[in-house]
Amino acid sequence: MSTLNLPFLKENFLLQNATAERLYFDFAAPQPIIDYHSHLSPFEVASDRKYKNVTQLWLSGDHYKWRAMRSVGLNEKYITGSASDEEKFAAWAKTVPQTLRNPLFHWTALELKHSFGVSEYLNEATASSVYEQCNGILQGGLTTRAILESYRVEYLCSTDDPCDDLSYHHQISKDSSCAIAVTPSFRPDKSFAITDSVNFLAYLQHLSQASGVIIKDMDGLLEALQQRVNYFADAGCRMADHGLSQLPLNRSFTSSLESEFKTFLLTHGEKPFSDPESFVFYVLSSLCKMYHAKGWIQQFHLGAIRNNNSRLKQQLGADAGFDSIGDYPQAERLSQFLNALDSTDQLTKTILYNLNPADNALFASMCGNFNDGSIRAKVQYGPAWWFLDQKNGMEQHLNMLSDISLLSTFIGMITDSRSFLSFSRHEYFRRILCNMLAKDMADGILPNDEQWIGKMVSDICYKNAKDYLGL
């Protein structure tokens with residue numbers, strides 16, 4: 001991890017007493033990174049991409065930064081539009097001083113310092129010199145793999161569609177020069193998105209081609225998905241992932257619904273499917289049973305309301321920074337879904353993520369309902385995610401995890417990012433964790449035993465995830 005020289009980002013950044021510093025530097029910072037959920041490109045790892053400039057590496061695809069730039073009134077030309085890369089960097093530099101108290105202010109400084117040695121504030125006045133400094137280092141050989149190695153990334157999960165041929169994962173696994181393990185995660189959301197009939201039917205054509213299975217009915221759909229699960233497993237996959245506003249209610253997929261689905265396919269979705277919730281429950285629960293048979297881990301990211309701005313979605317597409325926290329009911333659906341799998345002993349290891357902080361206690365308590373003693377922390381309350389992966393959100397998450405579940409079994413942080421510089425979020429998390437524990441030690445709430453607490457820190461930052469993933 002980096003040594004911090006910035007005026008406000010000193011070595012003790014976020015570490016408010018000497019005990020916190022020792023916990024961080026002795027027990028947290030030395031640990032490698034296992035990042036079990038990201039949206040990073042396996043192509044860029046396989047090709048060991050060399051970037052032309054820092055804008056391509058740092059700003060392309062980062063909707064966190066895009067939202068901030070729009071908030072200060074910048075034209076889309078300078079965000080995702082036709083402006084040059086240098087102009088886009090200058091626009092971001094102009095934005096950064098206005099992000100005070102937003103995590104982007106800290107992340108920007110951490111990322112620039114770690115990979116480029118930048119020890120000055122990024123702003124309108126320094127934009128040109130910082131741009132040149134970063135580009136010089138990139139041209140000097142700071143490739144994708146060099147960035148990962150500098151952060152001591154040991155294991156990385158990408159997020160992949162079932163139809164993906166995983167060619168870049170295969171290329172990485174055969175490349176003895178690559179020290180980072182990169183494995184796929186199975187993300188089948190499109191396979192049960194039946195309410196969008198046009199895109200759903202087009203996707204089934206793609207899935208049929210990838211699997212070699214003609215999909216004429218429910219049996220064909222599940223057979224095609226099983227083929228792809230098998231294919232992913234052969235490529236080293238051990239994770240599945242799902243993004244839903246909420247889990248479907250437990251409803252029976254009757255013979256009449258099976259017939260209706262067959263007709264729906266035959267008529268190319270002429271009429272909307274009458275009971276999409278039953279369809280989603282049946283397909284998703286069937287997938288989860290496949291994961292259990294493979295010994296995979298399943299992840300559920302719940303609570304986002306997506307693509308709120310229809311005008312800009314039409315202009316820019318999905319995942320461009322127009323998603324928000326939703327207020328969907330979660331408890332009953334989550335309980336029913338997990339119970340349906342557990343009742344037949346087909347509930348695999350599970351990580352639950354909530355986006356609405358009002359649901360923190362709900363999710364933390366739900367995990368304990370399905371921990372059956374067969375596996376250490378079988379059902380995990382996943383790390384603070386997306387809008388919650390900032391200092392306040394992480395502290396709330398860690399406190400709730402401690403209050404209702406067991407902090408000692410937690411499997412640590414993820415990036416959930418499309419930027420190769422975002423591994424600084426692991427450092428951010430580790431500093432916050434160490435400071436919280438050190439404060440409790442100083443207050444007499446925890447034992448003043450640095451070896452004992454330090455071991456828990458090391459476990460949370462690395463060992464728990466390594467054991468959970470079976471690495």
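Just so it is clear, none of the values below were taken in a lab; they were calculated from the coordinates. Source: prediction; values computed, not measured. Neighbour counts are summed over all protein chains in view; Cβ atoms, including those assigned to glycine, are modelled from backbone coordinates with ideal geometry.
General observations
- FRET efficiency estimate (nearest 0.05) - Cβ-Cβ, A202 to D234, R0 25 angstrom: 0.40
- With R₀ set to 30 Å, the beta-carbon distance separating L100 from D26 gives a calculated FRET efficiency near 0.45.
- Approximate shape of segment 50-142 as ellipsoid semi-axes (Cα gyration tensor, √5λ), whole Å, largest first: 19, 16, 11
- Distance between the C-alpha centres of segment 29-100 and segment 200-238: 34 Å, rounded to the whole angstrom.
- Student exercise, segment 186-422 dipole from Lys, Arg, Asp, Glu Cβ charges, in Debye to nearest 20: 440 debye
- Least to most buried among V54, V229 (fewest other Cβ within 10 Å first): V229, V54
- When the C-alpha to C-alpha distance is required to be over 18 Å, the pairs from K391/K455; K174/K463; K190/K349; K113/K455; K378/K439; K378/K466 that qualify are K391/K455; K174/K463; K190/K349; K113/K455; K378/K439.
- With helices as the sole contributors, the chain gives -14000 deg cm²/dmol at 222 nm; each DSSP H run of n ≥ 4 counts as -39500 (n - 2.57), and the sum is divided by every residue.
- Under the Karplus curve 6.51 cos²θ - 1.76 cosθ + 1.60, θ = phi - 60°, whole-Hz ³J(HN,Hα) for segment 88-100, x wherever Gly or Pro sits: 5, 5, 4, 5, 5, 4, 5, 7, 3, x, 8, 9, 3
- Rounded to the nearest 20, the Cβ-based charge dipole of the chain about its Cα centre (Lys and Arg +1, Asp and Glu -1) stands at 500 debye.
- Here the Karplus relation 6.51 cos²θ - 1.76 cosθ + 1.60, evaluated at θ = phi - 60°, turns the backbone of segment 450-464 into coupling constants of 5, 5, 5, 5, x, 5, 5, 4, 4, 5, 5, 6, 8, 5, 4 Hz, with x for every Gly and Pro.
- Summed side-chain charge close to F273 - residues other than F273 whose Cβ falls under 14 Å, Lys, Arg +1, Asp, Glu -1: -4
- Taking every DSSP bridge with both residues inside the chain, close to 10 percent are antiparallel.
- Summing +1 for each Lys or Arg and -1 for each Asp or Glu among the other residues whose beta-carbon sits under 13 angstrom from that of L316 gives +2.
- Net lengthening on full extension, I137/A442 (0.36 nm per residue, minus Cα-Cα): 105.6 nm
- Environment charge at H39 (Cβ cut-off 9 Å; Lys +1, Arg +1, Asp -1, Glu -1): -1
- Projecting the Cα atoms of H39, H63, A465 onto the dipole axis of the chain, where Lys and Arg carry +1 and Asp and Glu carry -1 at the beta carbon, places H63 farthest toward the positive end.
- Theoretical FRET efficiency, 1/(1+(r/R0)^6), r = Cβ-Cβ of N75 and T126, R0 22 Å, to 0.05: 0.50
- Residues in segment 326-331 carry Karplus couplings, in order, of x, 10, 6, x, 10, 4 Hz; the curve used is 6.51 cos²θ - 1.76 cosθ + 1.60 with θ = phi - 60°, and Gly or Pro positions show x.
- Under a 5 Å amide H cut-off, with hydrogens placed 1.01 Å from N, Q390 pairs with nothing among residues at least 5 apart or on other chains.
- The slack between S252 and E332, meaning 0.36 nm per residue of separation minus the straight C-alpha distance, is 27.2 nm.
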